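Participant: I'd like to ask some things about the structure below.
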Amino acid sequence: MGITYIRGTVTGPQGQRTLEFLVDSGATYTVLPVDVWQAIGLAPKRAVKFSLADGTMVERQVSECHITLDVGDGHSPVVLGEPGDAALLGVVTLENLGLVFNPFTRTLHPMRLLMV
């Protein structure tokens with residue numbers, strides 16, 4: 001298992017920022033650092049409780065923004081990070097963009113979508 005980062009651009013009502021996301025297939029939502037979400041003008045829409053890997057519960061505000069990656073783009077919910085929170089790319093964003101993470105090659109690929 002390795003660590004994978006991917007460059008992405010987030011866009012909000014007051015602009016856009018490009019940053020390096022840690023691809024975290026164990027994270028539900030994408031996390032934006034506090035300086036990034038404030039710079040692009042995001043506002044909280046709701047509070048959500050999350051369980052950290054050690055079992056600790058935290059509450060964070062959630063908003064949404066447009067995310068552009070080399071392999072696709074679209075809107076996604078995002079956690080509005082607090083000081084010390086890192087930029088993470090979570091599975092909800094990957095699914096919204098129709099992407100899947102290959103842990104062996106550490107790359108993102110279009111997912112096989114089924115219509116039943």
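Participant: Report the residue count in the range 1-25 for those that are assigned to a loop (DSSP other than H, G, I, E, B), surrounded by 12 or more Cβ atoms within 10 Å (Cβ to Cβ) and either modelled with pLDDT of 95 or more or over 11 Å from the mean Cα position of the chain (by Cα) (or both).
Facilitator: Kept after step one, since they are assigned to a loop (DSSP other than H, G, I, E, B), are these residues of the range 1-25: 1-4, 13-14, 24-25.
Those left that are additionally surrounded by 12 or more Cβ atoms within 10 Å (Cβ to Cβ): 4, 24-25.
Now drop any that are not either modelled with pLDDT of 95 or more or over 11 Å from the mean Cα position of the chain (by Cα) (or both), which leaves 4.
Residues that pass the stated criteria total 1.
Participant: Is one or more of the residues making up the range 16-30 in contact with a His (Cβ under 9 Å, 6 or more places away or on another chain) and acidic (Asp, Glu)?
Facilitator: Kept after step one, since they are in contact with a His (Cβ under 9 Å, 6 or more places away or on another chain), are these residues of the range 16-30: 16.
This time we only want the ones that are acidic (Asp, Glu), so: none.
No, every residue in the range 16-30 fails to be in contact with a His (Cβ under 9 Å, 6 or more places away or on another chain) and acidic (Asp, Glu).
Participant: Mind checking which residues of the range 26-41 are over 19 Å from Phe101 (Cβ atoms) and surrounded by fewer than 22 Cβ atoms within 10 Å (Cβ to Cβ)?
Facilitator: Correct list: Pro33, Val34, Asp35, Val36, Gln38, Ala39, Ile40, Gly41.
The values are calculated or read from the model by the stated rules, or taken from the named source; none is laboratory data. Computed from a predicted structure; not experimentally measured. In this analysis, Cβ positions are derived from the backbone assuming ideal geometry, glycine residues included, and neighbour counts consider all displayed protein chains.
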